[in-house]
Amino acid sequence: MKLKLSLLAAAALLAACATAPSNFSYSPPLLPEGASGYVEKPGWATSKFAVAAANPLATDAGYQVLKAGGSAIDAAIAVQMVLTLVEPQSSGIGGGAFLLHYNGRDVEAFDGRETAPAGVDDKLFLGADGKPVAFYEGVVGGRSVGVPGTVRMLEVAHKQYGKLPWAQLIQPAIVLAEGGFKVSPRLNTMAKGDAHLKKDPTATAYFFKADGEPRDVGSTLRNPELAAVLRKIAAEGSKALHEGEIAQAIVDKVQKHPTNPGKMTLADLAGYQPKKRTPICHDYRAQNKDYRVCGFPPPSSGAIAVGQILGILGNTNAASLPLDNGLPGADWLHLYTEAARLAFADRGQYLGDPDFVQPPGGNWMSLLAPAYLAERARLIQPTGPSMKTAQPGTPGPVATGHAPMADQPEYGTSHISIVDSYGNAIAMTTTIEDAFGSRQMVKGFLLNNELTDFSFAPADAQGRPIANRVQPGKRPRSSMAPTLVFDKATNQLVMSGGSPGGALIIHFTAKTLYGVLNWGMMPQQAINLPNFGSLNGPSLLEEKRFPPATVEALRARGAEVREQALTSGLQAIARGQAHGTPLWLGGADPRREGVVMGD
């Protein structure tokens, strides 16, 4: 849907009149709008700063921080703490996150991914028969819980780039936890549909009424236990979570689960360290313009897979194929899903924690080398048939001894994009993995089930190890793809974006990048496009969003096509202008409750 120029001009005028107060004092907003399902969103325009997050209360907290003179990092902290409260099914202080930060000159990658406890081994998810357990047998309980990293990572980033005091940034979440917030339609819907949340008595008491039904939409939910935890974090920093009574409560919850205990110890929590990594950046040309696309390196597979898909498509005639009544047509979707199969074949073969797994050819950029992507693109038959399942390539001179990882479910997650008035920007994807994580609630927050992002099977039938197998202290492979895009000639920020959605994060993000850069769409228009992709199997199309002729044309090329719900949660902010006035154009996914705010 197109943004009206009058809206753009009004936003610019309002922004020009805005003044930032000198001190930050949080005021809870009136009940914001938001619903589960598909809700049309207008797109937003601001001129000074913008914040896009998955829940209106979280977005508002970030907005108030930015308005008070806070940095993008400051706003991200406020947003994350509120998301812990209002979107507990997706992310929180019991999970991990990848933060991509632009400081006006350089891009930095802050890794707050969870780690495997020191006491685990690669047989963590094998049953007594030596075979991998069923997915939810691994998820629910203490066994799946990784050492959380979000708070400690944000603390490191804040020490470098914060402008407002740490304690102030926690205040919005404390105020809302103590005073209460209105249960959103999405939280109600997710709780109602979850088969495992009631297995934890603490979670049952919090999320459900006495009659067993989830808390009503619009009812007020208070969380004094979380407020107390947040007060300690505000006063003591991440040490409050990683040491002392809160850490002991986490360890007890994990180790003393009655049927599925885990191995986490106080030493694991105390010893957790975030890492600063070198981002994965690659060149991308679209509409005769050169861009630099930056994303998160391994242990995330997101940036490499997105970069491979875009790079492989660039070696086909995809750019010459027009949209079909505003939608990707069958010819373009065939090329995209074939490129996706090739990228996911490499992902399954090579990607894992770089502290444990060597990149092919000694450098992760071997997977994005132009000659290699051109070689991969030559495997695509432009008019079909579909390859259905691709094999991994050989991007470097050194052959790997690893076996490909079998496909496993991935879920959960939330994305935050922020640009501040100082020239900084962030793209941060944050998660507890599955909806409601391990279904273990302690002191008002949920613990992640991030260890199920490892391969349940440590090796293949021939005994070859899998790169993403469980190992002590290792970070599980992720699909999270926080992305920052720059004009290559000027190094000017063009876009910040990302999404939740498990392995499909890669496709949701690639779709939005392609829509903005190749098809000239505003972020909201690109986000609104129907979702599509392949995980190196069937072609996946968002149900009821593509014409039957498109579906049949893909099937005629030999692809197995599945139409299903593909619920992204995209947020994006891109540079634009109206009447010569520079603006930030924001978009939030109509499939979730997110909004964009700014001045």
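The values are calculated or read from the model by the stated rules, or taken from the named source; none is laboratory data. Keep in mind that this is a model prediction, so the values were computed, not measured. Glycine also receives a Cβ, built like all others from the backbone with ideal geometry; neighbour counts cover every protein chain displayed.
Structural remarks
- Residues of segment 443-463 that are of a type outside the set (A, V, I, L, M) and either in contact with a Ser or Thr (Cβ under 9 Å, 6 or more places away or on another chain) or over 20 Å from Ala403 (Cβ atoms) (or both): Lys443, Gly444, Phe445, Asn448, Asn449, Glu450, Thr452, Asp453.
- Among residues of segment 490-509 that are closer than 22 Å to Val596 by Cα, those with a Cβ under 8 angstrom from a residue that is charged (D, E, K, R) and crowded, with 24+ Cβ neighbours inside 10 Å, sequence gap 6+ or separate chain, pair up as Ser499/Asp589.
- Qualifying residues in segment 312-344 (those that are acidic (Asp, Glu) and in a helix (DSSP H, G or I)) - the one surrounded by the most Cβ atoms within 10 Å (Cβ to Cβ): Glu338
- The set of residues in segment 531-586 being among the charged types (D, E, K, R), assigned to a strand (DSSP E or B) and in contact (Cβ under 8 Å) with a residue 60 or more places away in the chain consists of Arg575 alone.
- Of the numbered criteria (1) at pLDDT 95 or above; (2) not in a loop (DSSP other than H, G, I, E, B), the one Leu13 fails is (1).
- The single condition among (1) at pLDDT below 95; (2) in contact with a strand residue (DSSP E or B) (Cβ under 7 Å, 6 or more places away or on another chain) that Gly498 does not meet is (1).
- Among the residues of segment 172-214, those that are touching a residue at least 40 places away in the same chain (Cβ under 8 Å), of a type in the set (Gly, Ala, Ser) and part of a helix (DSSP H, G or I) comprise Ala173, Ala177, Gly179, Ala191, Ala203.
- Residue within segment 234-252 that is surrounded by fewer than 18 Cβ atoms within 10 Å (Cβ to Cβ), outside any helix (DSSP H, G or I) and among the hydroxyl-bearing types (Ser, Thr, Tyr) present: no
- Filtered by the rule that a residue be in contact with a helix residue (DSSP H, G or I) (Cβ under 9 Å, 6 or more places away or on another chain) and not basic (Lys, Arg), segment 548-559 gives Ala549, Thr550, Val551, Glu552, Ala553, Leu554, Ala556, Ala559.
- The number of residues in segment 346-404 being aliphatic (A, V, I, L, M) and under 24 Å from the mean Cα position of the chain (by Cα) comes to 5.
- Cross-chain or 6+ apart pairs with Cβ under 6 Å, segment 285-304 first and farther than 18 Å from Arg113 by Cα and hydroxyl-bearing (Ser, Thr, Tyr), then outside any loop (DSSP other than H, G, I, E, B) and at pLDDT 95 or above: Tyr291/Tyr284; Tyr291/Val485
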